[in-house]
Amino acid sequence: MRDFNETSSTLTLGDLTITSLSDGELHIPADYFSNTQPHESEKVTPSTRFGANSWLIETKNRKILVDAGSGNCLKERFPDTGRLNWQEPGLELKRSSITDVVITHMHADHIGGLSANGTSLFANAEIHIQAQEWAFWTDPKLLASADNGQKPMIGLIQALAEPLKKQLTQHPGDVDLGSGIGLLLAQGHTPGHQVVHLTCGHEECFLLADAMVSDKLQFSNPDITYALDSDPADAVRTRRALFDRIASERIAFSATHMNTTAFAMLTRQENGYAFEPC
Ligand SMILES: [Zn+2]
């Protein structure tokens, strides 16, 4: 069912083949997480590895890329990101075969690999995003009113977004893309964050993106929040609802920043959940 190695894992769901692709790793400081108990914050140290997964979904006639990693845009701060190297000259054929791109949300570690030097890299793809996500990040007033600490991040996101404009389909909430691929609005991490829900018959899989950021902290305590969550309380509600469904219905899932490309399941444990590779 699943073949697993260091940089990718594959799950088959009927006619769908879902591959987790590692874009490398990042290191996020422990103090980016709030609502922690002392024994919890110690679980994240400077050497704790946060993964950077994106996904390729293949059907009989479509290739759908879900996020694209960082490209070159975060290498200064996180030198081990951008390993998917979508901008490399030898990958034209692979890039042109992508029929659809799903943007889960517009943080640079998810959209940095979609363009290079102001040019869209997946020129044949229809790009799917939540309308409110696009509206929030591309609003000129957002950059103008941001404080100096936030300006570089917002400026980078707006520069990365510009070349994607012509290919966009903006969705106003949950949407069925056909072929067993659904997008569900899962707000909190960002205003229009969405997750991918895949189905084939009775089998399901979730690609959670950043509904969960720290596997060391937020499985066991889903109430822990993250500094980049735009609405931390909403992020907790969304995470708890998704975890509850995944655990109750025994659904396989993957998330961007898990320290593995492997798909997993959740079992209930105390106030939270335990991760169980599948
Ligand atoms: Zn992220």
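First check a/c for the chain, with a ≥ b ≥ c the square roots of the eigenvalues of its C-alpha gyration tensor; if it is under 1.5, answer rounded, and if not, answer prolate when a/b is larger than b/c or oblate otherwise.
Rounded shape, in that the Cα axes give a/c under 1.5.
What ³J(HN,Hα) values, in whole Hz, does the Karplus curve 6.51 cos²θ - 1.76 cosθ + 1.60 give for the stretch 167-175 when θ = phi - 60°, with x put for Gly and Pro?
After applying 6.51 cos²θ - 1.76 cosθ + 1.60, I find 9, 7, 10, 9, 9, x, x, 4, 8 Hz.
At 20 angstrom or more along the helix axis (alpha-carbon based) and mean Kyte-Doolittle of 1.6 or higher, what helices does the chain contain? Whole DSSP H runs only.
The qualifying helices: there are none.
Over the chain, what is the mean sequence separation of C-alpha contacts under 8 Å (at least six apart), divided by residue count, expressed as relative contact order in percent?
That works out to 17 percent.
Highest GNM mean-square fluctuation, the chain, Cα pairs closer than 10 Å: which of GLY71, GLY24, GLY118?
GLY118
Using a Förster radius of 51 Å, what is the FRET efficiency between SER96 and SER34 based on their Cβ-Cβ separation? Nearest 0.05, please.
Efficiency computed from Cβ-Cβ geometry: 0.75.
As a check on your grasp of the helix formula, calculate [θ] at 222 nm for the chain: sum -39500 (n - 2.57) over DSSP H runs of n ≥ 4, divide by the residue count, round to the nearest 500.
The helix-only estimate for the chain comes to -5500 deg cm²/dmol at 222 nm.
State the antiparallel share, in %, of DSSP beta bridges confined to the chain, rounding to the nearest 5.
Antiparallel bridges make up about 75 percent of those DSSP assigns within the chain.
Under the classification rounded if a/c is under 1.5, otherwise prolate if a/b is larger than b/c and oblate if not, where does the stretch 228-278 fall, given a ≥ b ≥ c as square roots of the Cα gyration tensor eigenvalues?
Since a/c reaches 1.5 but b/c is at least a/b, the shape of the stretch 228-278 is classed as oblate.
May I ask for the distance between the Cα centers of the stretch 175-239 and the stretch 139-172, given as a whole number of Å?
Spelled out, the Cα-based centre of one part sits 22 Å from the other.
Take the solvent-accessible surface of the protein heavy atoms, probe 1.4 Å, and return the percent of it on the chain that carbon and sulfur atoms account for.
51 percent
Using the heavy atoms of the protein chains alone and a 1.4 angstrom probe, what is the accessible area of the chain per residue in square angstrom?
Counting only protein heavy atoms, the per-residue value for the chain is 44 Å².
The values are calculated or read from the model by the stated rules, or taken from the named source; none is laboratory data. Note that the structure is a prediction, hence the values are computed from the model and not measured. Every residue, glycine among them, receives a Cβ derived from its backbone with ideal geometry; neighbour counts consider all protein chains shown. We work out accessible area using only protein heavy atoms, side chains counted, and drop any ligands, DNA or RNA first. Shrake-Rupley method; radii C 1.70, N 1.55, O 1.52, S 1.80 Å.
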